[in-house]
1. Name every residue in segment 72-86 that is over 35 Å from the mean Cα position of the chain (by Cα) and at pLDDT below 75, in order of residue number.
2. Can you say whether THR61 is among the polar types (S, T, N, Q), over 19 Å from the mean Cα position of the chain (by Cα) and either assigned to a loop (DSSP other than H, G, I, E, B) or surrounded by 10 or more Cβ atoms within 10 Å (Cβ to Cβ) (or both), as far as the supplied structure shows?
3. Under the condition of being within 17 Å of THR61 (Cα to Cα) and exposed (fewer than 10 other Cβ atoms within 10 Å of the Cβ), which residue from segment 1-44 is modelled with the lowest pLDDT?
4. Among the residues of segment 50-71, which ones are out of contact with any Asp or Glu (no Cβ under 6 Å at 6 or more places or on another chain) and modelled with pLDDT of 85 or more?
Amino acid sequence: MLPITADSLAQCPHCRAELHACRHCAHFDPSRRFECVQPIVERVADKRARNECTAFSLMVTVERDTSGGAVRPDDAKRSFGNLFKK
């Protein structure tokens, strides 16, 4: 679980983007009415700007760690060749 506090929802520490914005909400869906899954009364025009929506829920994306080591070009060829060894 990631430690998320109210203070950490202000801005991204790396790019300074506002985090309490529609584009970073778990309910954001461009195909829905007002681009939101939740029933909101009016459309938020700027989806990247900070807003005070009470339905806001930070979208959390977990990426797989792929830093296990570089794959050499001959690894795939060797693995394929090993399939047919007796």
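The values are calculated or read from the model by the stated rules, or taken from the named source; none is laboratory data. Every value quoted in this text rests on a predicted model; they were computed, and no experiment measured them. All Cβ positions, even for glycine, are placed from backbone atoms using ideal geometry, and neighbour counts span all protein chains on display.
1. If the condition is that a residue be over 35 Å from the mean Cα position of the chain (by Cα) and at pLDDT below 75, then LYS86 is the only one that fits.
2. Working: among the polar types (S, T, N, Q): yes; over 19 Å from the mean Cα position of the chain (by Cα): no; either assigned to a loop (DSSP other than H, G, I, E, B) or surrounded by 10 or more Cβ atoms within 10 Å (Cβ to Cβ) (or both): yes.
The answer is no for THR61.
3. MET1
4. Of all residues in segment 50-71, those out of contact with any Asp or Glu (no Cβ under 6 Å at 6 or more places or on another chain) come to 51-71.
Matches in segment 50-71: ASN51, GLU52, CYS53, THR54, ALA55, PHE56, SER57, LEU58, MET59.
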